[in-house]
Every structure is written in structure tokens, then in C-alpha cells.
Amino acid sequence: MQETRAFLRRLGLPTGDAHDLPTSSKRFPDGAQYRVEIPSVEGPAALEAVRQAAREYGVRIHRVSQGSGIMLLRSDEMQAMARLGHEMGIEVSLFVGPRAGWDTGAQFASRSGRNLGARQRGMDQLLYALEDIRRAALLGIRSVLIADEGLLWVAGEMKKAGELPPDFVFKLSVQIGTANPAAAHVMERLGGTTLNTPTDLSLAQLAAIRQATDMPLDVYVEAPDDFGGFVRHYEIAELVRVAAPVYLKFGLRNAPDVYPSGSHLEATVVALSRERVRRASIGLELLQRYYPEATTSELRAPGLGIPEPPAAD
């Protein structure tokens, strides 16, 4: 395999998974190693619950993300999330709405077609997704989740052309399935800002991806059941050491699927959001115990897609 390894090396890629688990020297723009993300924060009430729980448990949260999509938020709801995120000094990342899994096609419903679910199906849906991003930007959002390479490329070109704010963050969803260093390298070249890796990658696999990209890695410390249900709290110190800069993402297993969310599920979403913050407090306590010198960011740190709500009329 030496010829192939040499070719990979010439491309600037690792020649295998990093089983020696090297310490990452890469950092966020402020020099920090890790930040904290709470996913599935589906609306203003859930975000307010996260703010209250963060105060209660003493957790510094840098980013929240949402999964139901921009298209299922009213404008006033999105503006409320933008205002809250701005007040808190955190990134609010909303999933681009039109996706194959909620479209009229049938492949997603088949056992072998589930990987299509978060992608954009057809040119019309790609157009709708770009409109979703424009709408979010106009309402003050500065970060969106993307799960399609084509959408990422076009949105990146829009950003270069000045049609989106220059600080706009493209967060690559776990559902895009970027599972190796070469794929991570390509995603960064297409305009990705931050990459959610698959939930089941080993430390050695994450360390190899880290060698191929400068993007922060978003790593589930606890994954929802439909993404494997892994609880990796005792690996948290090593996750920070080898994958920095890393967003420690605290999902929740043994929890109902609330996508797409709405007022009919609000009480459940609020309760789940609070519990995710509690789980984060457990993970961060272990991080402090096993890697006390690990550094984290302050709120409003550079590189965060902090909302910029439009001025009131």
C-alpha cells in the first residue's frame, strides 16, 4: 500500500487513521480548544429554557442548533430567536427547511434511501432552500445547517458575491455524512465553516479528520437514538485533546423524535432542551476532572454566528 499512501501524502491527507492520537495544535480564533452546543432547540420557548437552564447548571453555551427548519418558523419566532441569541452572545443555527425527507418523493421512505432525507431534491427544492437562507439572513440569523454539497457550494458562492453577510456560518449537518479526511477537505473547499462528524467515529478517525481540515468539528458527546444513542462522557477529555477546535454537542438519548416541531410539541421540546443542558453539565464536570487545562471560549467569541437582529422600525 506504500504507493497509495505516498499519493495521499502528496495530497496533504493522512495516510491512515491517527491511532497514535496526536494532540491537536489547532484552535478557535480566540485560542480556545472547545465550545459547547445544545441541539434541537426548536423555537423561542426552547431557547429561553436553555438560557434559564444554563444559569441554573452553570453551563457556558456557545451555540444552539435547530432541526425542524427555517421554513417552519414564523418570522416573529425567528426574530425572537435572533434577539435572544444576540442577548446571550451565542450562535443560533437553523436548519435549511425544504428537504427530501419531507418532500413528495418515495426513496426516502425506503430502507436503503434514508441517506437522501436531508438533501435537496431537484433544482426547485435547491432554489427554495436558498430562499430559506436569504429569509433567515434578513431576519438576523447568521448561521444555518446544511446537508447537501450542492447547496453548500451555491450558498458559499452567494456569500462570496456579497449576497449573504460575510460572517455567515455554514454548519455542515451530521446528516451530510462526512466520514473521512478527504471528504472533510472537500467540504471545507466548498465553503463549509464547521463540520458535524458522524456520531460513531473513533478517536483515531476524528484525529485523522482533524489533520485534513481547519474547520471546527462538531462532535456528539451524547447522540440521539436515531443517530446511534452513544454516550461518550468519559471520552470527552480525549475528544477535546485530539479534535480541537471542537464543539461538544450534547444530544439526548431515550428521547422522542420531535421533528418537525411546533406548538403541539412545545412542552416536550422545552423539557428536552433543559435536560440537554443538564447532560452538558455532567460532561463538562468530567472534562474539568480529567483535562482541567482545556480552554474554552468566552461568549461572543470570534467565529460565532451571533444573530444580528434588524433594527426596529
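The values are calculated or read from the model by the stated rules, or taken from the named source; none is laboratory data. Just so we're clear, the structure is a prediction, and the values are computed from it rather than from any experiment. Glycine gets a Cβ as well: all are built from the backbone with ideal geometry, and neighbour counts include every protein chain shown. With ligands, DNA and RNA removed, areas are computed over all heavy atoms of the protein, side chains included. Shrake-Rupley method; radii C 1.70, N 1.55, O 1.52, S 1.80 Å.
Measure off, as a whole percent, the carbon and sulfur share of the 1.4 Å-probe accessible area of region 258-313, all protein chains present. With neighbouring chains kept in place, the figure for region 258-313 is 52 percent. Solvent-accessible surface of region 104-225, taken per residue with a 1.4 Å probe and all protein chains present: 41 Å². Using a probe of 1.4 Å, the accessible surface attributed to Trp102 totals some 110 Å² when neighbouring protein chains are kept in position. Per-residue ellipticity at 222 nm for the chain, helices alone: DSSP H runs ≥ 4 residues times -39500 (n - 2.57), over residue total, nearest 500 deg cm²/dmol? Helices in the chain give a 222 nm mean residue ellipticity of -12000 deg cm²/dmol. Ordering Val36, Gln288, Leu203 by the projection of their Cα atoms onto the charge dipole of the chain, which places +1 on the Cβ of Lys and Arg and -1 on the Cβ of Asp and Glu, puts Leu203 at the extreme positive end. Taken one residue at a time, the phi angles of region 52-59 give Karplus couplings (6.51, -1.76, 1.60, θ = phi - 60°) of 5, 5, 4, 5, 5, 9, x, 9 Hz. Gly and Pro are set to x. To the nearest Å, what is the center-to-center distance of region 171-189 and region 217-278, using C-alpha atoms only? What the calculation gives is 19 Å, centre to centre.
The distance separating the Cα centre of region 72-136 from that of region 281-303 comes to 30 Å. Computed over the chain with a Gaussian network model linking Cα atoms closer than 10 Å, the most mobile of Ile38, Ile209, Ile282 is Ile282. Residue-wise HN-Hα couplings along region 298-309, as the Karplus relation 6.51 cos²θ - 1.76 cosθ + 1.60 with θ = phi - 60° gives them from phi, are 6, 5, 6, 5, x, x, 7, x, 6, x, 10, x Hz; Gly and Pro carry x. Placing +1 on the Cβ of every Lys and Arg and -1 on the Cβ of every Asp and Glu, with no other charges, gives the chain a dipole of roughly 480 debye about its Cα centre. Applied to region 7-19, the Karplus parametrisation 6.51 cos²θ - 1.76 cosθ + 1.60 on θ = phi - 60° returns per-residue 3J(HN,Hα) values of 5, 4, 5, 5, 7, x, 9, x, 8, x, 5, 8, 5 Hz, with x for Gly and Pro. Expressed as a whole percent, the accessible surface of region 138-214 that belongs to carbon and sulfur atoms is 54, based on a 1.4 Å probe. The alpha carbon gyration tensor of region 137-275 gives principal lengths a ≥ b ≥ c with a/c of 1.5 or higher and a/b no greater than b/c, which makes the shape oblate. For the chain, give me the percentage of DSSP beta bridges that are antiparallel, rounded to the nearest 5 percent. Among the beta bridges of the chain, antiparallel pairing accounts for roughly 5 percent.
How many lysine pairs are close in the chain, with Cα atoms under 20 Å apart and the two 8 or more places apart or on different chains? Lysine pairs, 8 or more places apart or on different chains, close enough: 5.
For a paramagnetic label modelled on Asp214 (point 7 Å from Cα along Cα→Cβ), amide N atoms under 20 Å away belong, within region 162-199, to 166-172, 181-197.
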